[in-house]
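Worksheet: the structure to be examined is printed underneath.
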There are 2 protein chains.
Amino acid sequence: MMKVKVHVTLRESVLDPQGTAVKNSLHAMNYHEVQDVRIGKYLELLIEPSDRPIEETVKEMCEKLLANTVIENYEFEVEEAVTQ
Amino acid sequence: MMKVKVHVTLRESVLDPQGTAVKNSLHAMNYHEVQDVRIGKYLELLIEPSDRPIEETVKEMCEKLLANTVIENYEFEVEEAVTQ
């Protein structure tokens, strides 16, 4: 079984109101050293290996469903899942 | 300037309906090899160094605001921000 860690983040040029809200809250709590906050998604997928290269499958899933590539970037890394 | 990357994930024992919805969507799109999806948050903070150790500050911010430690775990790493 493979574990895939996906990061979906807003593109640099896109405003992040949720991040701004968190930054303002941190300032209100006296953490004035915080200059910027950007918020994205983090997904962990557990995938059964198949004949198709997993990188290709995950890229397709990101493009089709997990990220909105107009406003978001994605990155992922694949690792062997630790069996419990 | 320091960049802090924070991952906030649901604890193992907590149900993740959003993850289940994404898994079901992926199955509907014929990605049947996906066994499980868990969704968390990913935050990037830009922080001005101060006298206080940054790890201590970030831990406190996570405990107080960024994560709900009853149902969520958090992890973070600190790196030097690349100046542009």
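Derivation of every value follows stated rules applied to the coordinates shown; laboratory data play no part. Not measured: the values here are computed from a predicted model. Neighbour counts run over all protein chains shown; Cβ positions are idealised from the backbone, glycine included.
Regarding segment B:32-47, can at least one residue be identified that is of a type outside the set (Gly, Ala, Ser), in contact with a Pro (Cβ under 9 Å, 6 or more places away or on another chain) and over 28 Å from A:Glu63 (Cα atoms)? No, the conditions are met nowhere in segment B:32-47.
Here's the yes/no breakdown for (1) within 13 Å of the chain's Cα centre (by Cα); (2) more than 9 Å from chain B (Cβ to nearest Cβ):
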site	(1), (2)
A:Val8	yes, no
A:Met29	no, no
A:Val37	no, no
A:Tyr42	yes, no
A:Pro53	no, yes
A:Leu66	yes, no
A:Glu75	yes, yes
A:Val82	no, yes
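(1) crowded, with 18+ Cβ neighbours inside 10 Å; (2) assigned to a loop (DSSP other than H, G, I, E, B): which one isn't true of A:Lys41, the others all being true? The single condition A:Lys41 does not satisfy is (2). Here's a check for you: in segment B:14-27, which residue that is under 17 Å from the mean Cα position of the chain (by Cα) and either within 9 Å of chain A (Cβ to nearest Cβ) or not in a helix (DSSP H, G or I) (or both) is surrounded by the fewest Cβ atoms within 10 Å (Cβ to Cβ)? Filtering first and then ranking leaves B:Leu15. Farther than 22 Å from B:Gln18 by Cβ and at the interface with another protein chain (Cβ under 8 Å from one of its Cβ atoms): is that true of A:Pro49 in this structure? Here the answer is yes, as A:Pro49 does meet what is asked.
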